[in-house]
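See structure below.
The values are calculated or read from the model by the stated rules, or taken from the named source; none is laboratory data. As the structure is a prediction and not an experimental result, all values here were calculated from the model. Cβ atoms come from the backbone with ideal geometry, glycine included; neighbour counts cover every protein chain shown. Quick note on the areas: whole protein, heavy atoms, side chains included, nothing else; ligands and nucleic acids left out. Shrake-Rupley method; radii C 1.70, N 1.55, O 1.52, S 1.80 Å.
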Amino acid sequence: MKRIDNLIGSTPVAAVCNAAGQVVRSLTCDSREVSAGSCFFAVTGAAADGHCFIPQAVAAGAVAVVCQQLPETLAEGVCYVAVADTHAAMADMAAAFYDHPSRELHLVGVTGTNGKTTVATLLYDLFRRLGYEAGLISTVVYRVGERRIASTHTTPDVIRLNALMREMVDAGCAYCFMEVSSHAIVQERIRGLHFEGGIFTNITHDHLDYHKTFAAYIEAKKLFFDRLPAGAFALTNADDRNGRVMVQNTRARVAAYSLRSAADFTGRVLEQHLDGMLLRLGGDEVWVGFLGRFNASNLLAVYGAALLLGADRSEVLTAMSCLRPVSGRLEFVRAADGRMAVVDYAHTPDALENVLRTLGELLTGGGQLIAVCGCGGDRDRTKRPEMAAMAVKYAATAIFTSDNPRHEDPESILDEMVAGLPPEARYLRIADRGEAIRAAAMLARPGDIVLLAGKGHETYQIVGDERRHFDDRQQIEHQFSIHR
């Protein structure tokens, strides 16, 4: 419980809050979560305006309301605070409410289009293997030490973030590794957090439904590094053409990693087989249970970040040899007759190309690649033809199907995917994802690889407003007659 004036501090509204003398028991920006003693933040979002829900919040017991526009009718006994930016005020108050937990952690943020989940999760796994307690905030799961918490967003709202980090501190965690989405950066969801380091993986075509232009998307990512403090590190991917752009205005100390050129941390793929690859990291060699140059780049980022955090190099290399892929990232399923399938989260053109190229390099004895992929509804439509083009370029047969259609017609999404493909392109259209996977399994022969792209770790499919159970791995295991 906190006095609201203590949460706002020395802002101009502190005197108003002090006069109100309200004690805040919880913070929320969701009127459905309001209880007696809550402070409700009226946040304007893409789908709804929190100002419309102020009466419901007050009726449910809110003792304070932070908003950008005061309602016409003010309830007696409720403290109303008008601010210029509710997102910013919520971030500042959340950090204060939970006693600034990020200051008690070695907090590292990972941003980029692809690789965020892998890098953040592997850093969490690595530091746990090094003997430290750690927390994780990722697309797949939130972790407080060993405890798993269901993930709701890549980067949750700032109240949840601070609450999670307070749990981490109280549980004895010394480190926290988190994904930082472009949405979270521009929506002030990471405002008030004290980062010890930031990592840039890459930036490719994605989220233009939200950012509108690629330049705006780049600027959103760059803003994270612009705001890093002077004592932090900024680790950037020198192999990405925008890697240097990300850190050109940062106050943090800059370090770079590269598989292709001179950098602070360098790596090279020496060998690659179905069960892993041999890497040279700096002057050392290490065998890892991962595949693909993109994963070599991710592991190099993990290696560099660990050393920047002060970990011992030899201990880091030993621990890296024990790391395993993240759920839904190049996850292999092998049938008894020699057919193989790979479940992967690739849902951008660049990620899909990386996975297809990697799998193509692993084919032997005349084996072929069959790719099953789709595009999400109510999301960036401009990448749809690019996704289809990548599939037909690298796969012997492409099967286009539904991803999460949401409120769009699946057939209309497929129309946009195949628009512009050459007449000789080898592909099938099967809107039902379960049927598409069944068709791919039937087409596959021993030695072939079936790629199921786009869903990865997700165990659901969103159709309209309904979230239906659907698991790519379960589907292909059934088709391959694999029983657990």
With 5 Å bins from zero, work out the P(r) of the range 391-484 over every alpha carbon pair and list the percent per bin. 3, 12, 22, 24, 20, 12, 6, 1, 0
Could the peptides 449-457, 384-392, 162-170 be put in order, highest first, of the mean number of other beta-carbon atoms found within 10 Å of their residues? 449-457, 384-392, 162-170
For Lys383, the aspartates and glutamates lying under 19 Å Cα to Cα, once residues fewer than eight places off in the same chain are dropped, come out as Asp206, Asp209, Asp344, Asp350, Glu353, Asp403, Glu408, Asp409, Glu411, Asp415, Glu416
Rg(Cα) of the range 351-403 divided by 2.2 N^0.38 Å? 1.19
How many percent of the accessible area of the chain is carbon or sulfur, using a 1.4 Å probe? 48 percent
From the C-alpha gyration tensor of the range 435-484, pull out the three semi-axes of the equivalent ellipsoid (sqrt of 5λ each), sorted largest to smallest, in whole Å. 22, 12, 9
Over the chain, with neighbouring protein chains present, the accessible area per residue in Å² at probe 1.4 Å is 42 Å²
Whole-number D in µm² s⁻¹ for the chain, Kirkwood Cα-pair radius fed into Stokes-Einstein, 10 °C, 1.306 mPa s: 66 µm²/s
Can you sort Phe53, Phe480 by 1.4 Å-probe accessible area, starting with the largest? Phe53, Phe480
So how do Thr213, Thr113 rank on accessible area, 1.4 Å probe, biggest first, that is with the largest at the start? Thr213, Thr113
Within the set Lys221/Lys393; Lys221/Lys455; Lys116/Lys221, which residue pairs have Cα atoms separated by over 21 Å? Lys221/Lys393; Lys221/Lys455
About the Cα centre of the chain, what is the dipole size in debye to 20, counting +1 per Lys and Arg Cβ and -1 per Asp and Glu Cβ, all else neutral? 760 debye
Can you give me the Rg/Rh ratio for the range 102-239, using Cα atoms for both radii and the Kirkwood formula for Rh? 0.95
Between Arg467 and Glu271, how high is the FRET efficiency from 1/(1 + (r/R0)^6) when r is the Cβ-Cβ distance and R₀ = 60 Å? Nearest 0.05. 0.90
Where the centre of each part is set by its Cα atoms, how far does the range 301-316 sit from the range 129-154, in angstrom? 20 Å
Computed, not fitted: 222 nm per-residue ellipticity of the chain from DSSP H runs ≥ 4 (each -39500 (n - 2.57)), nearest 500, equal to -9500 deg cm²/dmol
